[in-house]
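Working notes, structure below.
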Amino acid sequence: MNTVDSVGPSDADLLRAHVDGDRDAFGELVRRHRDRLWAVALRTIGDREEAADAVQDALLSAHRNAARFRGDSAVTTWLHRIVVNASLDRIRRRQAHPTVPLPDGSRSDDRPSGVEPAAPAADHDTALVVRQALAALPADQRAAIVLVDIQGYPVAEAAEILEVAVGTIKSRCARGRARMALALGDLRGRDHGHPPAGNQDAAETVPSGPGTPQPLPGPHDRRDQK
Amino acid sequence: MTGAEFSEVDIDLLADYIGGALEGTPEESAVATLIAENPGWREAYERLGGGVALVRAELGRFEPEPMPSDLAARLDGMFSAPALTLVKGDAAAERPGSRRRWTTPIAIAAGFIAFVGFGADYLSGRNASHDDSASSVAGTSEQAAPAAGTTILSTGTDYTRSTLASGPPQPLAAGDNASASTFGENSVPNQSRTSAKDPALARLTASAALQECFEAIERENAGGPIGVLTADYARFDGVPALIVRFTAENGDWVWATGADCGTPVAGADAIDKVPVR
């Protein structure tokens, strides 16, 4: 998903200009891509303050290290990689230094704190359940799903961004979706009478039911490689 | 569907199959055989496949999420040419009823020229000898008297508790590689000079972040409005720190604040604070 302004300079041109001393070039590059970079960080971390810090740290790093960009990938891929890595680093730091849980126990060290903006009113409940299920995923699976299923990046580009094999992205997405599907069944089982939303036919194949979700294996992908 | 009813099914393997992660592998045909011949696998395949389709549909409905305007403005300030960065302090100074004594227009302009000189070069990763930020700091210190407004310094000095209140160091006379001997008679004693361009303080080179830091100090000091005299991008006990000297109703103070100064979580991120007598 490379964006090249058909009128202005390309992303690569801007980055080169920045390296050559043009003080406006990097700012222009950021303005082009900031919304998508922000969305990836926010949905991976799930906390607006932390996402803002991650984006800022990542862009400062990109600004400083622009000269090291070798052009092996698109500039946007490179920027996304830095932002995603900064986001995952923050999640890992949160895990390494757990915070004191809030009184309502809502804060998890790996999971987003659930402050992502509300969904449109029409599908509010379903969207909320989906966000909860997404937030409960291991960070690597969540990052893959954010890139592919939410932001719409091709699997190959998501693999480049996360620096893993295409098969690994497929596996992370597949397992993450499966976890979410199971979680949706579980959550909906607690919400009796809630009508299914979205794909009605598909929803009928995911009946609510009691029981404890089967624990799935850890975040390690069967096909982790590279 | 919770997964419990598929106890004999390897859900991850089945998920990989549904998601195409097994394409071209021996496991693909093995799973296909299980689905064809094992009722438990077949039922799990049909139900999980439907659930995954629903999940994908819901994920595809997520609304675009534009960057918040305050963050976008902050990034604009960080990555724009120096002339654009000057606006922030002036705007704050002109705000009706503003209590911010540190934003005297002339002083803030002089201060931010030094700040921008430091910040832009810092962000560009340039060698100070090429475009000497230290000399611009020196020039600014002479233009902006501490009592009249905020002077921004970037000495890289490593302060300690005992040297914190001794006063701001004299402007550097030479380039970035100047030794400690370039400090004047009033320089803080026993300081080892390290690089002023510490990446940990990068966030605070943005004018908006700097102002948030000052506001956090004002809140935590709880001594009424503060007038910031100097802010020095430096270190404290070896840790990157912004050294802020200010006056308030409860006296004159110098605070060593950490790199997270002004963030909602860290507040002023005060490492140490000493009164100036």
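General observations
- Taking the listed residues A:SER73, A:SER61, the one that is more than 19 Å from the chain's Cα centre (by Cα), under 26 Å from A:PRO138 (Cα atoms) and surrounded by 16 or more Cβ atoms within 10 Å (Cβ to Cβ) is A:SER61, with no other qualifying.
- Looking only at the range A:14-42, and only at residues there that are more than 14 Å from A:LEU79 (Cβ to Cβ) and facing chain B (nearest Cβ under 7 Å), the one that is surrounded by the most Cβ atoms within 10 Å (Cβ to Cβ): A:LEU42
- Extreme residue, farthest from A:LEU79 (Cα to Cα), among residues of the range A:43-65 that are touching a residue at least 60 places away in the same chain (Cβ under 8 Å) and facing chain B (nearest Cβ under 9 Å): A:ARG48
- Residue in the range A:90-104 that is of a type in the set (Gly, Ala, Ser), touching a Pro at 6+ places or on another chain (Cβ under 9 Å), part of a helix (DSSP H, G or I) and at pLDDT 55 or above present: no
- Tabulated pairs, the range B:65-94, first closer than 24 Å to A:ASP53 by Cβ, second surrounded by fewer than 19 Cβ atoms within 10 Å (Cβ to Cβ) and at pLDDT 75 or above, C-beta under 6 angstrom, 6+ apart or interchain: B:PRO66/A:ASP35; B:MET67/A:ASP35
- A single member of B:THR205, B:THR230, B:THR263, B:THR247 is closer than 18 Å to A:GLU49 by Cβ and of a type in the set (S, T, N, Q), and it is B:THR263.
- The single condition among (1) at pLDDT 50 or above; (2) facing chain A (nearest Cβ under 8 Å); (3) under 26 Å from A:ARG34 (Cβ atoms); (4) in a helix (DSSP H, G or I) that B:ALA120 does not meet is (1).
- Selection from the range B:227-277 of residues that are of a type in the set (Phe, Trp, Tyr) and either within 14 Å of another protein chain (Cβ to nearest Cβ) or under 17 Å from B:ALA206 (Cβ atoms) (or both): B:TYR233
The values are calculated or read from the model by the stated rules, or taken from the named source; none is laboratory data. Only a predicted model underlies this, so the values are computations on that prediction, with no experimental measurement involved. Heads up, the Cβs are rebuilt from the backbone with ideal geometry, glycines too, and the neighbour counts pull from every protein chain shown.
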